[in-house]
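Each remark here refers to the structure printed beneath this line.
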Amino acid sequence: MATIGIYGSPWTVDAARKRALADLAKLHAGLDPVAEKANSALTVGDLCDEYMKKHALVRKKASSAHQDAINIKNHVKPLLGMMVVVDVAAKDIEEFKLKVASGKTAPQNPKEVQKAQKGGSPVKGGPGVANRCIALLSKVFNLAERWSYRPQNSNPTAGISKFRENSKERYLSDDELKNLWGHLDAMEAEVDADVFIIAFFRLLILTGARSSEIRTLRWSSVHLDGMRLNLTDSKTGSKTIQLSDRAVGILRALPRMNDNDYVVVGAKAGRPYQNVRKPWKAITKAVGLSDVRIHDLRHSFASFAAAQGMPLATIGKLLGHKNVGTTARYAHLSDSYLQQANNALGEHMKGIVRQNNAVPQAQEDTDAKKPVVFDTLIEH
């Protein structure tokens, strides 16, 4: 039973009858006047809270849900939070996108904010952040339709274009990798060497694993005899990471703590290493690789594999990609290698042709029957 209002101005008997007839017409049309009234007060901030409770914290990885919460707190609520959900239109989303991209949500005193939050990066905004927020809002408003907070097919993010982002992929060259590994050797030779953080970076280089996968790795997931890591939970779900002899040797050399099952032990009892960016910043500065991110070690693993002529499908399996399309970003690396191999093959064949011009016909026929060993070219 729905209440239209309290008798008296403006609700006369006649006005109430008219509203009742209007609500009755809505019911016949399949609309719920009570829900409509409730929805007229639902704000985007309320919707985001419901999204986190019903969807993000239940259906998404903890790290992904945490990132959604950050974007909601820093960008969505400050700019859209007080708007009524049913009133949000495409123009509002477009304005939101531009404001986030231009840094309107960045604090006026970023250093004070950084100090208050004890490190980390203060809110900056930018095109990339705006794109992530648009993707988040797209899901939020899709759920709003499913939960009957908005009419079907009314998502205001539909048709909103995203900013073009420059690729941030960076690959180490042979010399850069040699210098980086050599610096880790030098660190290990020091008296007070932190063997855990050194092993952390070496394992990233040798496995192509994600930073979080090695940082939160537990000894219970390490199988040295089987030369593999069995992860029960990663970004893409359960995953097996293959280990090379070198990687197994690094793990065998690491000390194990009785009160800590983590491989990369941190300063806090029973916890993994926390701030890996701080030592990484010092390392890259020392070897002149300040533009290299930790995640670029994963890209580099793939690039070295492609340079060896490894098929993209195999690289994808080593990286734990569920979708072959994800590995396709490395196609240009394998194409580059194949081009080099093809050029080498062409030079080899050119040499055969020149030799043939200087030998008798019988010898030419014999040489022509010799196979070109393409595998040998690829190996080198």
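Any read-out appearing in this document is the output of simple, stated calculations on the displayed coordinates, not a laboratory observation. On a predicted model such as this, the values are computed, not experimentally measured, just so you know. With ideal geometry, Cβ positions are generated from the backbone for all residues, glycine too; neighbour counts draw on all protein chains shown.
Viscosity 1.002 mPa s, temperature 20 °C: give me the Stokes-Einstein translational D for the range 151-219 in µm²/s, with Rh taken as the Kirkwood radius over C-alpha pairs.
Here the translational diffusion coefficient equals 134 µm²/s.
Most exposed first by the Cβ proxy, i.e. fewest other Cβ within 10 Å, how do T105, T326, T43 rank?
Values: T105 21, T326 13, T43 17.
Listing T105, T326, T43 from fewest to most nearby Cβ atoms yields T326, T43, T105.
Which residue, L206, H223, H295, has the largest displacement toward the positive end of the dipole of the range 174-295 when charges sit on each Cβ (Lys, Arg +1; Asp, Glu -1)?
Most positive-ward Cα: H295.
Nearest 20 debye, what's the magnitude of the dipole of the range 174-295 about its Cα centre given +1 on Lys and Arg Cβ and -1 on Asp and Glu Cβ? Working shown, then result.
Details: 18 positive and 15 negative charges, 104 e Å.
That gives a dipole near 500 debye.
Using packing as a proxy for protection, rank 128-141, 300-313, 180-193 so that the peptide with the highest average count of other Cβ atoms within 10 Å comes first.
Values: 128-141: 20.1, 300-313: 18.1, 180-193: 12.8.
Highest mean packing first, the order is 128-141, 300-313, 180-193.
How high is the relative contact order of the range 40-146, given as a whole-number percent (alpha carbon pairs under 8 Å, six or more residues apart)? Walk me through the numbers before you get to the answer.
On the way: 92 pairs, mean separation 31.8, N = 107.
After rounding, I find 30 percent.
Cross-link list K178/K281; K281/K317; K285/K317; K97/K322; K60/K322: which exceed 26 angstrom alpha carbon to alpha carbon? Don't skip to the answer; put the middle values down first.
Working: K178/K281 18 Å; K281/K317 30 Å; K285/K317 32 Å; K97/K322 31 Å; K60/K322 17 Å.
Pairs exceeding 26 Å: K281/K317; K285/K317; K97/K322.
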